[in-house]
Amino acid sequence: MPKYERQAYGLKIQQNSHPDIKRIRKATGVPNIHGNKVWKSSLLVMDYLKEYPPQITRNKKKLKVLEIGCGWGLSGIYCAKVFDAKVTGLDADETVFPYMEHHAIINDVDVATWKCRYEKVRKADLEAFDLVIGTDICFWDEMVDPLYNLVRRASKVPGLRVVLADPGRPTFSAMADKCSAKLGAYLEPWSVPHPENASGWIMDLDPNWVED
């Protein structure tokens, strides 16, 4: 395996010290809203979706996935690789997109990008997707209500599933508890063992889930 590169869930993931990442950083700059690396909660989403894979709902031809606050976009790239999904990465900071696009290329998938703040995503926009995912996107107090409101809008789209992950910040807990109480979202601790060593919480709002 090349130096400064690892593999997880079938993906090649390059670290900050990799020459390719250094080249991108020199050419485009450092992302300014914490999109400066692959956050471990991305691995939680990959592991969770491996266990509870997404289903095509309203769109019968191809699974469509929106990754909000995508950063380097590895969770979305995983969906493209494993589920043959059509993936859009949304982020307020467009300087993250070269990192996402680079990882898409080295993993032999295609992704689309969308510069937008997630609080501005409308219900009409969400109707184009089957699954919304996000990792490490509720780290400030002022993010709690906008993210809850996005999940609430998503809950009004028939068949649309939302899966979010976080290591357990109080801000995420406040948002997820509200989604659980008011929207029926499911909240569960989740961990990935060695060599990934990631742990945290998954929030899953799945209108298609049926209890065994």
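The values are calculated or read from the model by the stated rules, or taken from the named source; none is laboratory data. Because the structure is predicted, anything quoted here is derived from the model rather than measured. Here the Cβ positions follow ideal geometry from the backbone for every residue, glycine too, while neighbour counts run over all protein chains shown. Areas reflect the complete protein model, heavy atoms only, side chains present, ligands, DNA and RNA absent. Shrake-Rupley method; radii C 1.70, N 1.55, O 1.52, S 1.80 Å.
Ignoring ligands, DNA and RNA, please state the percent of accessible area on segment 91-156 from carbon and sulfur, probe 1.4 Å. Summing carbon and sulfur atoms, their accessible area is 47 percent of the total for segment 91-156. Shape summary: segment 44-150 maps onto an equivalent ellipsoid whose semi-axes, from the alpha-carbon gyration tensor, are 20, 17, 13 Å in decreasing order. Look at the dipole of the chain built from charges on Cβ: of Thr95, Cys79, Val162, the Cα furthest out on the positive end belongs to Thr95. Length gained on full extension, Ile106 to Asp84: 6.4 nm, using 0.36 nm per residue less the C-alpha separation.
Sites listed here are GluC sites (Glu not before Pro) in segment 118-212 whose DSSP assignment is loop and whose Cβ has at most 13 other Cβ atoms within 10 Å: Glu211.
Normalised by residue number, the volume inside the convex hull of the Cα atoms of segment 49-112 is 77 Å³ per residue. Close amide H contacts of Tyr186 (hydrogens built in the peptide plane, cut-off under 5 Å, sequence separation of 5 or more or a different chain): Asp204, Leu205, Asp206.
In plain terms, the bigger the Kirkwood radius, the slower the diffusion; for segment 93-179, with that radius from Cα pairs, at 10 °C and 1.306 mPa s, Stokes-Einstein puts D at 112 µm²/s.
Each Cα pair of the chain feeds into the Kirkwood radius, which the Stokes-Einstein equation turns, at 37 °C and 0.692 mPa s, into a diffusion coefficient of 192 µm²/s. For a straight C-alpha distance cut-off of 28 angstrom, the lysines reachable from Lys123 (same-chain residues fewer than eight places away being disregarded) are Lys50, Lys60, Lys61, Lys62, Lys64, Lys81, Lys86, Lys115, Lys156, Lys178, Lys182.
For segment 121-196, applying the loop criterion from DSSP together with a ceiling of 12 other beta carbons within 10 Å to the chymotrypsin sites (Phe, Trp or Tyr not before Pro) yields Trp140. In summary, the aspartates and glutamates within cross-link reach of Lys3, defined as a Cα separation below 16 angstrom excluding same-chain residues under 8 places away, comprise Asp20. With each label modelled as a point 7 angstrom along the Cα→C-beta vector, the Ala128-Arg23 pair spans 3.1 nm.
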